[in-house]
Amino acid sequence: ESLASKDGGSLTSSNFNSNSKVSHKGGGKKDGGGGDISVGEGNKNVSLDPLYAAQVFEKFVLDIIMMYPDWYSIPWKEAKIVAMRKEALPYCAATRIAAMVRGRRQRRKYTFFIHFIIVFQATVRQRQSNKRTQSYIRILMEDWIFRQRYHAATRAQCLVRRYLKRCWYWRIMEKIKAQEVLVQKARRFRVKKIRQAQKKFILYKEAVRVNGVFCLIKMLKLDTRHYSRDNGVMLEVYTPYDQKKYQFPIEEVDLRKYMQLALEVDVLSVGDLIDIRNLKKVVSTRIIAYKAASKFASQNVVFSKHALGQRGEQRFTRGKKISGELFVCKVFETGDDVTIQLYHRYSCKVFNCSVSNLEVRSWVMDDNLTAAASANAVAIAKGLSAAERGQIELEAQKEPLILRPENKRTLQEWLLDQLVVDTRNGQFKVVFRRQLQKSRKLEMIIKIQSIFRKALTRRIVIEKLDALMLKVRVSPTDPTIYYLNKKTGASSWEKPKLLGVYDIPTEPYRQWTEVTYLFDGVLYRHYVNPHTGKYTTYTPDQAASKIQSLSRNFLLRPIRMPMAQFVKAGTIYKTAKAMYEKNKKKLAAVINYAIVSHVVDLDEKLAKTLYGEAVDLSEANPLVTRAYAFYMIGTCEAPIALNRERASTLFKDAARKDETNSRFDIAYYIYRFACLRNPYDHRTLLNLAVVQCMLYNENYNAEKLLRRALAISPFDDRVIEIWKFLKERFPDRQLLYNPMSRVNLVKMDKNGKKRVVHGRPVSEHNSWAGWLFVDDDEFGVSKKFRRHASYWYNPADGAEQQDPPDFKQQWVIRKQRSLYQDQADGLQQFYDPLTSEYFQYHELTDTYS
């Protein structure tokens with residue numbers, strides 16, 4: 001075997017010489033105390049070490065035998081193969097282990113780098129995608145805005161076209177309707193004229209039943225000439241049963257006679273002759289209809305021409321005393337009814353009483369049943385048996401003998417006995433007793449029903465009248481009442497009769513109530529105050545709108561401006577910032593943006609910076625100097641006196657270069673525009689007041705604006721300072737709101753002047769509603785907090801807390817516990833007894849001081 005050295009190399013001759021040793025069997029001697037014995041010294045008993053022998057043999061082979069090409073090629077090749085096979089497995093294992101180790105390291109590195117590469121790529125792609133998405137969104141937004149504008153424009157065009165088309169259609173339809181109205185009017189007029197020509201001579205038409213026969217009656221003028229004065233009539237009767245038409249001509253003389261008898265009058269006018277009611281009465285008393293005797297026979301209608309209007313055949317005549325009055329009675333009979341004509345000898349009047357055969361029969365049967373009931377009661381009183389009483393009831397059920405045909409004369413005599421004189425309501429007429437009883441019964445029923453309905457509807461009537469009528473006083477000082485109808489506008493000193501003894505429950509109230517009335521076909525509407533009696537034509541909305549309009553006009557009067565100036569100022573306001581960002585070195589852009597920031601946006605910090613840039617660009621420009629001077633005066637920055645002197649100097653310089661103030665006109669538009677845009681901010685009002693007062697000498701408007709700023713913010717320091725600065729220019733020189741807190745205004749914050757209250761060193765402020773701030777409780781007075789703690793303290797109730805209190809709520813509590821003292825200049829003064837301090841309350845702005 002070939003041996004390897006420690007470093008992995010093969011053994012050489014030098015290695016062999018330095019490392020080879022000889023060992024002796026049996027403990028051979030050593031030269032010089034252990035020196036090596038060289039080979040070939042003639043010692044036969046020398047034994048070689050196998051390792052040594054192997055090394056020697058290897059050297060021999062490598063140095064001698066292997067030096068010959070013919071000998072070493074084959075073994076060298078085999079040795080190499082053997083060595084390679086022997087070293088292949090460890091080397092392969094080591095290589096694989098190294099590869100696995102390197103693979104794992106590289107995989108970790110790869111995973112690490114690929115993760116961050118993916119994250120980086122994702123971030124880049126996300127940013128690119130966001131940028132691309134934003135561009136798409138911007139493009140889509142522009143496209144959406146275009147579509148919206150296009151849609152709105154198309155919609156507006158559509159509406160305009162539709163409106164124009166409708167207007168055109170309306171005009172065309174109006175013309176067509178006007179023409180159609182004219183045509184229809186002409187047609188209706190023609191048809192009306194034809195119908196009038198046809199109906200001109202028809203006096204009346206009706207459908208009635210006469211003696212059980214249904215008839216259609218029509219009465220016409222006998223002479224159809226329009227200029228004729230003949231009042232004769234033609235009576236036409238049509239019977240639908242047999243479809244026959246009967247005509248009865250009546251001359252004027254006969255008609256007048258018949259009507260006098262029917263109406264029981266002596267004289268008739270022409271109007272009475274053609275009165276429909278009178279004609280109907282004549283027809284009802286004269287016409288007679290006979291039924292057909294069989295189904296093959298025909299009906300017959302006749303018109304009675306008897307002198308006294310008798311109907312049918314006369315049966316007999318007899319004198320009769322009825323209710324103490326003497327009458328001559330004549331009985332006439334037709335097929336279905338009986339008529340009795342009575343002549344009164346004292347008044348010479350003729351009365352007619354008619355009754356149908358059916359009614360007569362029912363009257364007789366009722367009398368028979370009444371008589372049977374009386375007989376039955378008598379039988380019961382006499383104690384008759386049930387059989388006898390039954391016999392009486394059977395007799396009562398039979399037809400009375402008086403109704404038999406052979407007893408007709410007796411029946412007519414019985415009818416004469418039924419006549420009575422009716423003298424109710426101052427009248428005098430003859431009727432049948434049953435008719436009188438029925439009339440009295442009906443009259444009593446109607447009376448009872450009317451009383452009952454009145455009782456039921458009295459409450460409803462009062463409610464209806466209360467809703468319909470108003471009680472109105474003549475004046476606030478005069479309690480006299482009159483009644484007013486809200487629907488018709490009619491008024492009366494007397495209450496409605498439907499109220500009777502009652503009255504309208506609602507008394508005059510203060511609310512305005514609507515009242516309508518019709519005059520000359522036009523419906524008018526006005527309003528009344530029942531309590532004061534005043535009237536007006538304004539509706540509540542109109543009155544409120546009127547008051548609001550007057551109030552707005554009054555409030556806008558000091559700050560109103562023409563439309564052209566407003567548009568110009570608004571354009572500058574919209575474009576000022578963009579123009580400044582576009583060119584920050586341009587004086588016009590800088591000063592415009594400075595004025596807009598100062599006056600409109602109220603950003604005074606930015607305005608100060610911009611004014612500085614404008615002064616750097618052009619210090620001598622009158623617009624810049626004036627605007628900056630107004631800024632120094634309007635902001636009241638410290639030191640106020642020095643700033644006002646500088647502003648005065650700037651005003652003088654600007655006045656020398658611009659005596660007419662023409663260069664400040666556009667800026668003045670912006671000042672007024674700011675007030676119109678924000679009229680409830682005291683700063684815009686102060687800015688405009690300063691400009692009007694100091695530049696244009698409009699002291700009247702400036703005073704109004706200052707007083708309005710005072711009303712909005714009565715406790716603002718800037719308002720007070722500007723008022724003090726400008727009050728000498730005003731005529732009255734008096735402050736509208738001048739509370740005591742303004743005169744001696746002491747501001748104390750947490751770091752200000754301190755005083756000791758209840759053993760605590762505290763800081764106070766007039767806006768803290770009586771609360772105090774303890775910055776350092778050095779004496780340890782508090783029972784709630786530790787020593788040297790900071791907290792809020794209320795000396796009124798001893799409350800202590802760490803957080804700042806709600807001062808608005810605390811002011812309300814303080815106001816409720818305080819005593820009201822007085823009110824002056826719009827300020828209410830109160831005294832707090834727990835803290836012994838005075839404070840003031842401004843009700844308009846809900847502020848305290």
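The values are calculated or read from the model by the stated rules, or taken from the named source; none is laboratory data. Computed from a prediction, not measured in an experiment: that's the story for all the values here. Every residue, glycine as well, gets a Cβ built from its backbone with ideal geometry; the counts of neighbours run over all protein chains shown. Heads up: the accessible areas ignore ligands, DNA and RNA and are worked out on the full protein's heavy atoms, side chains in. Shrake-Rupley method; radii C 1.70, N 1.55, O 1.52, S 1.80 Å.
Couple of notes before you dig in:
- Euclidean distance between Cα centres, region 471-493 to region 168-220, Å: 46 Å
- Among 230, 832, the sequence by solvent-accessible area, most first, with a 1.4 Å probe is 230, 832.
- Enclosing the Cα atoms of region 371-481 in their convex hull gives a volume equal to 261 cubic angstrom per residue.
- Summing +1 for each Lys or Arg and -1 for each Asp or Glu among the other residues whose beta-carbon sits under 11 angstrom from that of residue 689 gives +3.
- Normalised by 2.2 N^0.38 Å, where N counts its residues, the alpha-carbon radius of gyration of region 619-669 equals 1.11.
- Segment residue 116..residue 281, full-extension length gain: 47.2 nm, with 0.36 nm per residue of separation and the alpha-carbon distance subtracted.
- Accessible area per residue was computed with a 1.4 Å probe on protein heavy atoms; residue 707 scores about 50 Å².
- The chymotrypsin sites (Phe, Trp or Tyr not before Pro) of region 651-689 meeting both criteria, a DSSP state outside H, G, I, E and B (loop) and at most 16 other C-beta atoms within 10 angstrom of the site's C-beta, are 680.
- Distance in nm between pseudo-label sites at residue 167 and residue 445 (7 Å out along the Cβ direction from Cα): 7.0 nm
- Charges were assigned to the Cβ only: +1 to each Lys and Arg, -1 to each Asp and Glu. The resulting dipole of region 466-601 about its Cα centre is roughly 1180 debye.
- Ranked by solvent-accessible area (1.4 Å probe, protein heavy atoms only, all chains present), the residues 539, 370 order from largest to smallest as 370, 539.
- Each residue of region 162-168 was assigned a 3J(HN,Hα) from its phi angle through the Karplus curve 6.51 cos²θ - 1.76 cosθ + 1.60 (θ = phi - 60°); the sequence is 4, 4, 5, 5, 5, 4, 4 Hz, with glycine and proline shown as x.
- In this simple spin-label model, placing a label point 7 Å from the Cα along the Cα-to-Cβ direction at both residue 526 and residue 178 gives a separation of 3.7 nm.
- Probe 1.4 Å, protein heavy atoms only - accessible area per residue of the chain in square angstrom: 66 Å²
- Of the chymotrypsin sites (Phe, Trp or Tyr not before Pro) in region 748-849, those whose Cβ has at most 15 other Cβ within 10 Å and which sit in DSSP loop: 779
- In this structure, residue 663 and residue 156 have a Cβ-Cβ separation that, at R0 = 60 Å, corresponds to a calculated FRET efficiency of about 0.90.
- In the structure shown, the pairs 245/291; 185/218; 205/281; 185/221 are assessed against 20 Å; a Cα-Cα span above that value is assigned to 185/218; 185/221.
- Positive dipole terminus of the chain, leading residue within 671, 411, 444 (C-beta point charges): 411
- Here residue 464 is the anchor, and the lysines within straight C-alpha reach of less than 25 Å, apart from those fewer than 8 places off in the same chain, are 447, 454, 486, 487, 495, 497, 534.
- Distance between the 7 Å Cα→Cβ label points at residue 100 and residue 547: 10.0 nm.
- Less than 5 angstrom separates the built amide H of residue 757 from those of 762, all sequence-distant by 5 or more or on a different chain.
- J(HN,Hα) series, region 526-534, from Karplus relation 6.51 cos²θ - 1.76 cosθ + 1.60, nearest Hz, glycine and proline x: 8, 10, 10, 9, x, 6, 9, x, 8
- Placed amide H near residue 203: partners under 5 Å, 5+ positions off or other chain: 219, 220, 221
- The chain: calculated mean residue ellipticity at 222 nm from DSSP helix runs of at least 4, using -39500 (n - 2.57): -17000 deg cm²/dmol
- Residue (of 545, 578, 565) at the positive-pole extreme of region 536-595, dipole from beta-carbon charges: 578
- Rounded FRET efficiency, nearest 0.05, which uses the C-beta distance separating residue 656 from residue 140 and R0 of 60 Å: 0.55
- Relative contact order (%) - the chain, alpha-carbon pairs under 8 angstrom, separation at least six: 3 percent
- When +1 charges are put on Lys and Arg Cβ atoms and -1 charges on Asp and Glu Cβ atoms, the dipole computed for the chain relative to its Cα centre reaches about 3700 debye.
- Whole-percent carbon and sulfur share, accessible surface of region 177-330, 1.4 Å: 53 percent
- Solvent-accessible surface ranking, highest first, for 133, 516, 660 at 1.4 angstrom: 660, 133, 516
- Scattering curve values for region 450-511, log₁₀ I(q)/I(0), Debye with Cα scatterers, q = 0.14, 0.21, 0.26 Å⁻¹: -0.42, -0.85, -1.16
- Note on region 356-451: with charges restricted to the Cβ of Lys and Arg (+1) and Asp and Glu (-1), its dipole about the Cα centre is near 380 debye.
- Only Cα pairs under 8 Å and 6+ residues apart enter the sum, and on that basis the relative contact order of region 490-586 stands at 14 percent.
- Across region 108-261, C-alpha contacts under 8 Å between residues 6 or more apart give a mean separation that, scaled by the residue count, equals a relative contact order of 10 percent.
- Region 113-204 - Rg and Dmax from Cα coordinates, angstrom: 37.1, 121
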